[in-house]
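Structure first, commentary second.
The values are calculated or read from the model by the stated rules, or taken from the named source; none is laboratory data. The structure displayed is predicted, hence computed values, not measured ones. Cβ placement follows ideal geometry from the backbone for every residue including glycine, while neighbour counts extend to all protein chains displayed. Each accessible area value is taken on the protein alone, full model and side chains, heavy atoms only, with ligands, DNA and RNA left out. Shrake-Rupley method; radii C 1.70, N 1.55, O 1.52, S 1.80 Å.
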Amino acid sequence: IEAAKVFHGPDGTFIINKLGLVQLINNNKKFSTISGRLKQISNPGNGEIWGINYLGRIFYYKNKKWIQIKGLAKYISTKGAKILIVDENDLIKEFNWRNKTFTNLKVKAEKVFIQNDQSFWVLKKQMAYKCIKRNCKRENGKFKKISISPEGIVFGLNIKNQLERYDGKKFKRVITKPSEIRDF
């Protein structure tokens, strides 16, 4: 299997190949191809997938079909019923399930990562910000990427390619066998 990106979500492991095709290896080890060409996906669970294609269009997948959602995005993050995007103007927007549109949170970012119903994290110019609702506070360190475990533990890949873990007050380096980490 060739992959451009690999992502693990509540429904299984997702592989995006060089053409943008999404393939899923579910928890029962069954392999299936999901139609569509995407550059990024997010899996909140319950058989749902949210994705962004190479033109920035936003799609929602449920019951074996894709539905395009109005708007453009550069980045997407989902957890449960909460969906956040970074739009084409670097603004974070939250999906409103009632009217099926995105509402502007008036927070600027390059990437967004949902921790729980109340908290999300933002990366902007390699700086990490913890946001509770719309109130964002800068945290220590410079990062290339942030990842949040299903339990809500926040990890960061710093600009020196070292893994760090947020302990509730600040990021601290995690000692790993590889001295450099490219992605996680």
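Listing for the model above:
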item	result
Verdict on ILE153 being under 21 Å from GLY9 (Cβ atoms) and open to solvent by less than 90 Å² (accessible area, probe 1.4 Å)	yes
Members of region 25-63 that are surrounded by 12 or more Cβ atoms within 10 Å (Cβ to Cβ) and modelled with pLDDT under 75	ILE25, ASN26, PHE31, ILE34, GLY36
Meets criteria (surrounded by 16 or more Cβ atoms within 10 Å (Cβ to Cβ), modelled with pLDDT of 90 or more and over 14 Å from the mean Cα position of the chain (by Cα)) for PHE171	yes
